[in-house]
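*Asks:* Quick one: the structure is below, questions incoming.
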Amino acid sequence: MRTGFAIGVLILVAVPVFGAGPAALSPDMWQRVQSVVPTTIDLAPTQSPQAPAKLSLKECIALALRHSAGFRQSQEQLVSARRGLWVATQRLHPSLTGSAERRRDPGEESTTNLTAGLGTRWEGLGGGTLQASADTGEQNAISSLLSQQPALSLNFDQPLIRGAGLASSTAERIRSAQTGLASQELTFYDARQDLAQQVIEGYFGVLLAQGEVEIAQRSADRAKQLYDINYAKFTGEGLKQPGEEWVSQVAEIDVDQARLSWESAKQGLISGQQSYRDAMDSLLLAMGFLPGATPELTTAIAYYPQEYDGAALVQTALSNSTNLGRLELSRQDAEAARRIARSQDRTDVTATVGITDLGETLSGATLSTGWFGGLRADVPLADRRRREDLARADRALAVLEQRIVAARDSVTREVQRQIRAAASSRARIDIGEQSVALARKSREAAQGMYDEGLSDYLRVLDAEDRLVQAERSLLQEQVQYFLATVRVRRALGEEITQGLPG
C-alpha cells in the first residue's frame, strides 16, 4: 500500500467580513437593540399562571415578556439565527469514514474488503481549502487495518481569481449569516416593542374601563338619589306630618322621568362593568395569564403635557428606524447577489502546489519523493442564463432602493402623524377640563332651580347627562394622550418600557 504526503503553499486573499450592525442605524440605536436581546432563552412550555393580586404597568410588561406565547416565536427565530451564524463560522470539518464489504466475483473466492479513513478540511476566508486525510486502503482483516501504515495526504487549493465560486466562499457564507442574525435581532426588538405596546394599551384600556365604571356608578347613585327625592315629594313619604293633608310638590311625570334616568344609569353601569371584565381578560391573555381574575392595577392615569420638535424628531426617527436597518441589511444581500452574478462571467483559476512522498508499507524498502504543481482554470462561455441572473440582481437592487426611499417617507409620516395626534389630544384635554367644570356648575344650577320650583326636572336630567359625557370624554382623552406619547416614542425607536409611570 502506498502512502501520500503533500505540502501546499498558502496563498491567502483578504476578503472582508461584514460587521453585525447595519449602517442605517445610529450607534445609540444599535446599542439599544443589543441591550434588550437576551443572552440565553428558555423555550420550555409552561402552564398559564394565575394573575397576582396587584399589578403595576412595569410588572405587567415583565410578566408578558416571560409568559406570552406569541412572543416565543420571535425568541425561537433569534435562537435559530444565532445557531445559523455558529454553523456558518465553522471552518474546520473533521470526518471519519469506514466500510466493510463481503463479495464474490465470478470464478473467484469470497473476499472481505475493509477500509477506514480519518480526514479534516479547513476553509480560509479567502476561499482557500486545506485538506488532510489518513486512509488505510482496502484490507481483508481488522488486524491489517490496525497494523498497516495509513496513506497520508495533505493538500491546499487557493483560488487566484474567483468566478462563480465566490457564492460558496467562507467569507460570503459568514457575511450572509451575520446579516441574517442582525436582521433577526432587529425583528426581535420590534416584537418586544409590539408586546410592550400591546400590554400598555391593554393596561390603560382596563384603567379606562374602570374609570368609566366609576363614572357610571356615580351617575347611578345620583340618579337614585334624585329619584328618591322626587318620589318623596310626590307621595309625601317621610315629609308629611301625621294627620297632615299632603299636596304633591312635583308632577307625576317628574317621578317617571327620574325613574327612567335611574334605570338608564343602571344599564350604563352594567355595560361598563362588562367592558371592564372584557378589557381585563384581554390584558391577562396578552400577558400569558389565565383570564377571569380581577387584579388591582396600581399604576394610575397620569397627564404630563409635552412639547415636540417635529423636524428634529424626524431626523432621530430616521437614524433609529429598525425597518430602515433591515432594508439596509437586505441591500447588502442584494449587492452580494449582484456581485456574485457578475462574477459568473469571470474565469475561475485555482492554484495547487506541493510535494509528495510516496512509500510502501512499514516493512517496505523503497521510497520515492516527488512534487506537483499546477493551475486549474474554468472559463465560462456565453450563457444567457448568467446574463439573466445579473439582470435579475440589478432589478432586485433597484426595487430595494425604491423601497428604502418609501420607508424613509413612511417613517417621516408616522412621526408627524403621532406628534399631531398627541398635540390634538392635549388640546382636547384642555377643552375637556373646562367642559367638566362647566357641566358640574350647570348641573348644580339646574338642581338649585328645580329645588326652588323655577324649572322642571328635564333640565336637571339634561345637565346630568352632559356632566357624565364630559367626565367620560375627559378620561378617554387623558388615556389617549398617554398612549399617543408612547406611540411617539415608538416611532422614534426608543425603548418604550423605559420611563413608564410606576
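*Asks:* With +1 on the Cβ of every Lys and Arg and -1 on the Cβ of every Asp and Glu, and nothing else charged, how large is the dipole of region 445-490 about its Cα centre, in debye rounded to the nearest 20?
*Replies:* 700
*Asks:* Any idea what Rg and Dmax come out to for region 383-440 if you just take the C-alpha atoms, in Å?
*Replies:* Expressed in Å, the Cα Rg and Dmax of region 383-440 come to 25.0, 84.
*Asks:* Another question about this same structure. Under the definition of Cα pairs under 8 Å and six or more residues apart, what whole-number percent is the relative contact order of region 32-150?
*Replies:* The normalised contact order for region 32-150 reaches 16 percent.
*Asks:* Moving to a separate point now. Over all directions, the average projected area of the alpha-carbon convex hull for region 184-231 comes to how many nm²?
*Replies:* About 2.9 nm², averaged over all directions.
*Asks:* For region 371-410, build the convex hull from the C-alpha positions and give me its volume per residue in Å³.
*Replies:* 92
*Asks:* To continue, here is another question. Taking a quarter of the surface of the Cα convex hull of region 66-143, what do you get in nm²? Walk me through the intermediate numbers first.
*Replies:* On the way: hull surface 43.6 nm².
For the Cα atoms of region 66-143, the hull's average projected area reads 10.9 nm².
*Asks:* Could you bin all the Cα-Cα distances of region 228-303 into 5 Å bins starting at 0 and give me the percent of pairs in each, rounded to whole numbers?
*Replies:* 3, 13, 13, 12, 10, 8, 7, 8, 9, 7, 6, 3, 1, 0
*Asks:* State which entries of Lys54/Lys224; Lys58/Lys441; Lys224/Lys441 exceed 29 angstrom in Cα-Cα distance in the structure shown.
*Replies:* Pairs exceeding 29 Å: Lys54/Lys224; Lys58/Lys441.
*Asks:* Would you please state the base-10 log of I(q)/I(0) at q = 0.20, 0.24 1/Å for region 26-89, with intensities from the Debye formula using one equal scatterer on every alpha carbon?
*Replies:* Taken in order of the listed q values, log10 I(q)/I(0) reads -0.97, -1.15.
*Asks:* What is the log10 of I(q)/I(0) for region 383-502, computed with the Debye formula using one identical point scatterer on each Cα and no solvent, at q = 0.16, 0.19 Å⁻¹?
*Replies:* -0.87, -0.99
*Asks:* Compute the orientation-averaged projected area for the chain from the convex hull of its Cα atoms and round it to one decimal in nm².
*Replies:* The number I arrive at for the chain is 41.7 nm².
*Asks:* Can you give the angle from 0 to 90° between the axis of helix 252-287 and the longest principal axis of the chain, with both taken from C-alpha atoms, to the nearest 10?
*Replies:* Between helix and principal axis, roughly 20 degrees.
*Asks:* Cβ neighbours within 10 Å, averaged per peptide: list 333-345, 36-48, 202-214 in order, most packed at the top.
*Replies:* Order by mean packing, descending: 202-214, 333-345, 36-48.
*Asks:* Find how many whole Å separate the alpha carbon centroid of region 488-502 from the alpha carbon centroid of region 50-102.
*Replies:* Their Cα centres are 26 Å away from one another.
*Asks:* Please report the net charge: other residues with Cβ closer than 11 Å to the Cβ of Ile253, K and R +1, D and E -1.
*Replies:* Value of the local net charge: -3.
*Asks:* How far is helix 57-67 tilted off the main Cα axis of the chain, in degrees rounded to 10, range 0 to 90?
*Replies:* Approximately 40 degrees, to the nearest 10.
We did not get these values from a lab; they are worked out from the coordinates using the rules stated. Nothing here was measured: the structure is a model prediction, and the numbers come from that model. Cβ: placed from backbone, ideal geometry, glycine included. Neighbour counts: every protein chain shown.
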